[in-house]
Structure formats: structure tokens, C-alpha cells
Amino acid sequence: MRDHGGNIDWAIGQYGGAPESWVDLSTGINRVPYPVPSLSDAAWRILPTRAAREALVETARAAYRTNAAILPVAGAQAAIQMLPRLSPPGKARILSPTYNEHAATLRVAGWHVEEVSTFGDLIGADLAVVVNPNNPDGRTFAPDELLGLSASVGQLVVDESFADPRPDLSVAYHAGRNGLIVLKSFGKFYGLAGVRLGFVLADEKTVAALSEMSGPWPVSGAALEIGRVAMRDRDWAVVTTARLQQEALRIDAIAAKAGWHLVGGCELFRLYDTGDAAAAQDRLAQNHIWSRRFPWSDRWLRLGLPGDQSEWIRLEQALN
């Protein structure tokens, strides 16, 4: 298994405690989730219908302000695993460090993968991947930069899994042009990762090919209903974005008091230079707070934002 956040079972095995006693900050998933609506009996009893899927697609099209073709999938991860099969393997370049599944799935499919550190190094690739905002350092790129890049590569994948609070960064409106593919995650911003819902925005041909790969029922009836209700609730999205922006400043202040230095981040996670990531993670884990370390850095630690007030108090006490 590749390393990921969310491996809370491992943390419990190492440090003990009941699952409900832990605060999992190892992911960038909103810990104040959208309230799950009451679901129809049909969501559980019958196969997901074309009408229900199209209703969600139209809701997503309005939420993302695009006219592109859209395919709902079982989380952005499902799309990441299918994308390498869209064309014969060639040269892929990924702006790194970033979410490690992009490189891993391309390599498994036979692509020659180069992980590059500067935006300009992506030019000329058969397939280029940019995560915007980037995970884990929060680097961002303006739409004009990305659109310019799309004309200089064979195909550009922009992973916007953490972009819901930053619609100004999104290139969703331009998806499908010059081979531009945009990935969206539902579970992170709405705090419902277990629903397993995401979207691919692209041209009709690309979406049709991915639809063939994903099969007739790529997401559940429950996911279709929950996604449709949540994504229509723009008031919740506005309030949640404002809260996350304020709480990002709050967690930065707590980390600064502990002597940590902000490396970067976005509204859903923060990345800190702790001096000693292993010791910092252990310190938090002793208090049953789980965090995210990276095998390529012995200093950086990523934290998601706590949820209710009790979780904030626990984090502050652990770092004091």
C-alpha cells in the first residue's frame, strides 16, 4: 500500500484508544460535514437510474459553472485510476511533490513518469498533471497559467479536489478545451468522504470513454441523492468557506505558538515545518490526534482543520 492519510486504524494499533477517542487530522476532509439529508427508499432499493444521474450532473454543472461534459465517479480517486487508460502510454509529467496516486497509477499503466518541481518543466509532456491547490503545500496557479499550459502539452489534467473554497482558481469553465480534464472531489469540502463521489469534467469524447470504463452504475443511488441536495445548497457552501478561511488562521496561530513554521496550505489543510516530523506526530498521537507525515520529508507535517470546539481545545492542549 502507498502511504496516505486516513490510516487511523494503524494509529490506533500503535497508540491504543477507542476509535471514537481519536481526532483524525491526517486528511484534508472537512470535519464539520454537510448534514446528510433523508434519503428516499429508492436510493437503497433500486439500481441508480439515468434520470437521477443526469439530475446530479446538471446540479454539478451549475455548481462548477461549466458547460463541459461531466461524469460522476466514485470519488476523484476512481478517475485518477482510469485516466491512464485513455490513450497509449507516453511521457507524463507531474508537478511534485503532490498526491502520490497520480504518478503511481500512471506508472502501473506503463507511462514514463517524470515528477518535476517547476511549472515550466511540464511543457512538452504528452500528459501533464497539476493539483490546484496543491496537496500538500497549497501552491496555487491562476487559470490563465493553466490554460496557457494546456496549449503546450498533449493533455492537461487539473486536479481541483481542494478547490471548492477557491472558485477563483478553477478552470472548470474551460474543461474540454485543448484536452483539458478537470477532476473534482465532493467528499473533501462537504466532509462526506465515505459517500465516495467525485466528478470528471472534460469533452464529450473523453467522458464517453471514461463512462465505458466505469460501467453502468459508477456511483450509488445514495451518493446521487446526497450530492444533488448538498451541491444545491449554496448558502451552506458560502458559510462553510468563510468558516474555513477563519479557522485556517486559527490553526496557524496555534502551530506558531508551538514553534512550527507555516510552509503552505489551503482552506482544508495546513503544512508546517516542525523541525522533527516524527517527534511532532508522536506528540500529537500520544493525545490521540492523528496527522500526516511524508516519506520524503523529515520536517514537514500536514494537519487538517479540527471540527467542533472540543477538537480545537484538544489540539491546542496537545501542542502546549
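Remarks
- Contact map, region 58-70: residues that are in the same structural domain as G198 (by TED's automatic domain parsing) and on the phi > 0 side of the Ramachandran plot paired with residues that are among the small types (G, A, S) and in a helix (DSSP H, G or I), Cβ distance under 7 Å, separation 6+ or inter-chain. Pairs shown: R65/A172.
- Subset of region 174-193 [over 23 Å from A125 (Cβ atoms), out of contact with any strand residue (DSSP E or B) (no Cβ under 6 Å at 6 or more places or on another chain) and not in a loop (DSSP other than H, G, I, E, B)]: G187, K188, F189, Y190, A193
- Test: residue in region 266-287 that is under 27 Å from T241 (Cβ atoms), β-branched (V, I, T) and at pLDDT 95 or above: no
- Residues considered: R299, R283. Of these, the only one that is in contact (Cβ under 8 Å) with a residue 24 or more places away in the chain, touching a Gly at 6+ places or on another chain (Cβ under 9 Å) and either in a strand (DSSP E or B) or not β-branched (V, I, T) (or both) is R299.
- Residue in region 140-159 that is farthest from A69 (Cα to Cα), counting only those that are out of contact with any Phe, Trp or Tyr (no Cβ under 9 Å at 6 or more places or on another chain) and in a loop (DSSP other than H, G, I, E, B): T140
- Applying the condition of being small (G, A, S) and within 16 Å of R50 (Cβ to Cβ) to region 209-246 and asking which residue is surrounded by the fewest Cβ atoms within 10 Å (Cβ to Cβ) yields G215.
- Within region 136-164, residues that are farther than 27 Å from T27 by Cβ reach partners that are of a type in the set (D, E) and crowded, with 16+ Cβ neighbours inside 10 Å with beta carbons closer than 8 Å, at six or more positions or on different chains, in the pairs V153/D126; G154/D126; Q155/D126.
- Taken together, the residues in region 188-208 that are surrounded by 17 or more Cβ atoms within 10 Å (Cβ to Cβ) and farther than 16 Å from R61 by Cα amount to 9.
So that you can scan it fast, the table gives a plain yes or no per residue for (1) within 18 Å of the chain's Cα centre (by Cα); (2) buried (at least 21 other Cβ atoms within 10 Å of the Cβ); (3) not assigned by TED's automatic domain parsing to the domain that holds D164:
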position: K91; (1), (2), (3): no, no, no
position: H112; (1), (2), (3): no, no, no
position: T118; (1), (2), (3): no, no, no
position: N132; (1), (2), (3): yes, yes, no
position: F141; (1), (2), (3): yes, no, no
position: A151; (1), (2), (3): no, no, no
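- Looking across region 82-116, the residues that are among the hydrophobic types (A, V, I, L, M, F, W, C) and either part of a helix (DSSP H, G or I) or modelled with pLDDT under 95 (or both) come down to M82, L83, A103, A104, L106, V108.
- Restricting attention to region 5-27, the residues that are assigned to a helix (DSSP H, G or I), of a type in the set (V, I, T) and under 11 Å from N287 (Cα atoms) total 0.
- Each residue in region 240-262 was checked for being touching a strand residue (DSSP E or B) at 6+ places or on another chain (Cβ under 7 Å) and either more than 21 Å from K188 (Cα to Cα) or assigned by TED's automatic domain parsing to the domain that holds F186 (or both), and 4 of them qualify.
- Identity of the residue in region 302-320, part of a helix (DSSP H, G or I) and aliphatic (A, V, I, L, M), that ends up farthest from V263 (Cα to Cα): I313
- Test result for T118, among the β-branched types (V, I, T), without any contact (Cβ under 8 Å) to a residue 60 or more places away in the chain and farther than 27 Å from R196 by Cα: yes
- All positions within region 143-194 that are more than 22 Å from L210 (Cα to Cα) and of a type in the set (A, V, I, L, M): L146, L147, L149, A151, A163, L169, L192
The values are calculated or read from the model by the stated rules, or taken from the named source; none is laboratory data. Every value quoted in this text rests on a predicted model; they were computed, and no experiment measured them. Cβ coordinates were reconstructed from backbone atoms using ideal geometry, including for glycine residues, and neighbour counts include every protein chain displayed.
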